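Peer 1: My questions all concern the structure below.
The values are calculated or read from the model by the stated rules, or taken from the named source; none is laboratory data. Predicted model, so just to flag it, every value in this text is computed and none were measured. Note: ideal-geometry Cβ built from the backbone for every residue, glycine included; neighbour counts use all protein chains shown. The area values use the complete protein model at the heavy-atom level, side chains included, leaving out ligands, DNA and RNA. Shrake-Rupley method; radii C 1.70, N 1.55, O 1.52, S 1.80 Å.
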Amino acid sequence: MDMPRAVVIGSGIGGLTAALALHRSGWQVTVLERADSLEPVGAGIALAPNGQRALDVVGLGDEIRSLAAWQGEGGMRAPSGRWLARTDATAAAERFGGPLVLVHRSVLVDRIAARLPASAVRTGCPARLTDPGSVGGAPAVVSTPEGTIEAELVVGADGIHSAVRTALFPDAPSPSYAGFTTWRVVVPAPERPFLPHETWGRGALWGTQPLKDGRTYAYAAATAPAGARADDEKAGLLRRFGDWHDPVPQIIAAAAPGEILRNDVYRMDRPLPAFHRGRTVLLGDSAHAMAPTLGQGGNQAIEDGIVLAHHTAPGRDLGAGLAAYTADRLPRTAAVVRKADRVSRLMSLSGAPAVAVRDFLMSAVSRLGPGLVLRTFDGIADWRPPGDTYAAGTTTDAPAA
């Protein structure tokens with residue numbers, strides 16, 4: 001019997017994960033990507049244990065865990081260098097069942113795409129959903145410059161400003177500006193060793209993390225008007241962060257101006273009514289764009305792809321499967337969006353008294369033990385995928401609430 005066809009619009013991490021999971025469950029998958037290549041926009045991504053367990057389902061979890069670079073201590077600091085809160089890699093791994101793994105996005109994209117059939121990904125192929133289809137009735141229809149494609153399932157993985165989302169839910173609110181902008185860069189490791197850290201200042205933060213290949217991933221955020229840009233982003237970073245503790249100035253100095261990525265942050269502060277309509281479904285930023293303050297955007301997109309494939313295996317009732325996907329994913333991702341917003345508000349504090357209280361509370365909690373600091377990720381990083389995994393000898397329990 002011919003395999004049912006699934007079309008994925010967008011080749012980001014969530015879209016590729018969904019494509020691989022659907023392929024392995026028996027779908028004929030086509031990924032349509034507007035860009036001319038799979039070269040990802042972005043620098044690093046933090047894969048938490050929940051994302052790694054999701055990747056176990058498609059046989060990639062252990063490969064990603066082998067790229068973990070964080071060993072020993074780390075934590076949160078003030079711009080002066082004073083430690084506000086400390087934790088360590090062992091405590092995090094023990095609490096959530098695995099390490100935090102920082103990888104370059106291109107590494108993850110390449111490793112997922114390599115497991116798809118060579119003909120599955122079409123780059124330089126913009127796509128538009130023209131009909132979401134109806135379960136039990138007409139197929140979904142996607143238009144491309146090469147013609148139309150009919151499919152039993154269409155996955156909208158086309159990002160924050162998703163055209164698929166607008167087609168499915170034209171009256172739903174668009175993502176709103178979170179009030180701050182971000183910068184990301186990957187540079188050679190500084191000469192002097194450093195402990196991984198995230199540093200919180202007045203309406204700004206900076207993070208410095210090691211990568212397995214010896215380079216350093218750094219990210220920053222600061223409150224700013226939407227759309228604001230500097231003529232020279234490197235000079236702008238030096239003005240904002242140049243007097244912060246080591247190695248922040250050295251990281252900025254090592255950054256090539258043309259390789260500093262800046263993006264305003266938008267998030268879905270009001271959930272969609274559902275993540276599907278007809279034969280079409282949304283995942284990742286298309287469905288639940290969130291602030292990066294928990295490092296969960298990519299992890300939640302990976303979870304989406306795995307759960308979608310679990311509920312829509314060929315031979316199952318597609319309508320019931322898509323409804324189950326929405327029921328599983330909408331409340332979970334809405335909760336993560338809300339928690340990320342709460343952390344964003346703490347980061348955005350700029351008044352001296354409020355910042356002093358925030359820093360005092362962070363230090364007080366840290367002195368009571370690293371477990372209290374890690375509680376922020378309870379119910380997030382301890383998630384487990386449904387069903388069996390493809391990793392040898394590994395099975396998973398039902399998803400955590």
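Peer 1: Would you mind working out the magnitude of the charge dipole of the chain relative to its Cα centre, with +1 at each Lys and Arg C-beta and -1 at each Asp and Glu C-beta, to the nearest 20 Debye?
Peer 2: My answer is approximately 940 debye.
Peer 1: Another question, if that's okay. Using the charge dipole of the chain (Lys, Arg: +1 at Cβ; Asp, Glu: -1 at Cβ; taken about the Cα centre), state which of ALA78, PRO331, PRO314 has its Cα farthest towards the positive end.
Peer 2: So the residue we want is ALA78.
Peer 1: Might you report the magnitude of the Cβ-based charge dipole of the range 284-382 about its Cα centre, with Lys and Arg at +1 and Asp and Glu at -1, to the nearest 20 debye?
Peer 2: It works out to roughly 360 debye.
Peer 1: Mind jotting down the three principal axis lengths of the chain based on Cα atoms? Whole angstrom, largest first.
Peer 2: 64, 48, 36
Peer 1: Hey, another quick one. Which of the helices in the chain meet the span-like rule: DSSP H, Cα axial reach of 24 Å or more, Kyte-Doolittle mean at least 0.0?
Peer 2: Answer set is 318-348.
Peer 1: Follow-up. Please name which of ILE160, ALA69, PRO193 has its Cα lying farthest along the dipole of the chain towards the positive end, using unit charges on Cβ (Lys, Arg +1; Asp, Glu -1) and the Cα centre as origin.
Peer 2: In the chain, that residue is PRO193.
Peer 1: Residues of the range 72-113: accessible area per residue at 1.4 Å, in Å²?
Peer 2: Roughly 41 Å² per residue, with all protein chains present.
Peer 1: Given 0.36 nm per residue, what is the gain on full extension from GLU94 to SER350 after removing their alpha carbon distance, in nm?
Peer 2: 88.7 nm
Peer 1: Could you report the range 186-295's accessible area per residue, 1.4 Å probe, as an integer in Å²?
Peer 2: Heavy-atom SASA per residue in the range 186-295 reads 43 Å².
Peer 1: Under the rule of at least 5 residues apart or a separate chain, name every residue whose amide H is placed under 5 Å from the amide H of ALA178.
Peer 2: When sequence neighbours closer than 5 places are left aside, the close amide H contacts are VAL265, TYR266, ARG267.
Peer 1: Turning to a different aspect of this structure: Suppose all protein chains stay in the model; what accessible area per residue would a 1.4 Å probe give for the range 12-56, in Å²?
Peer 2: On a per-residue basis, the range 12-56 sits at 29 Å².
Peer 1: Same structure, new question: For the range 196-237, just say rounded, prolate or oblate: build the C-alpha gyration tensor, square-root its eigenvalues into a ≥ b ≥ c, call rounded for a/c under 1.5, and beyond that prolate if a/b exceeds b/c, oblate if not.
Peer 2: Oblate is the answer for the range 196-237, as a/c is 1.5 or above yet b/c matches or exceeds a/b.
Peer 1: Mind checking which of THR87, GLY26, THR144 is farthest towards the positive end of the chain's charge dipole, using Cβ charges of +1 (Lys, Arg) and -1 (Asp, Glu) about the Cα centre?
Peer 2: The residue sitting farthest along the positive end of the dipole is THR87.
Peer 1: Using the crude model of +1 on Lys and Arg Cβ and -1 on Asp and Glu Cβ, and no other charge, please compute the dipole size for the range 90-191 relative to its Cα centre, in debye to 20.
Peer 2: Rounded to the nearest 20 debye, it is 260 debye.
Peer 1: Could you tell me what percent of the accessible area of the chain is made up of carbon and sulfur, with a 1.4 Å probe and every protein chain present?
Peer 2: 53
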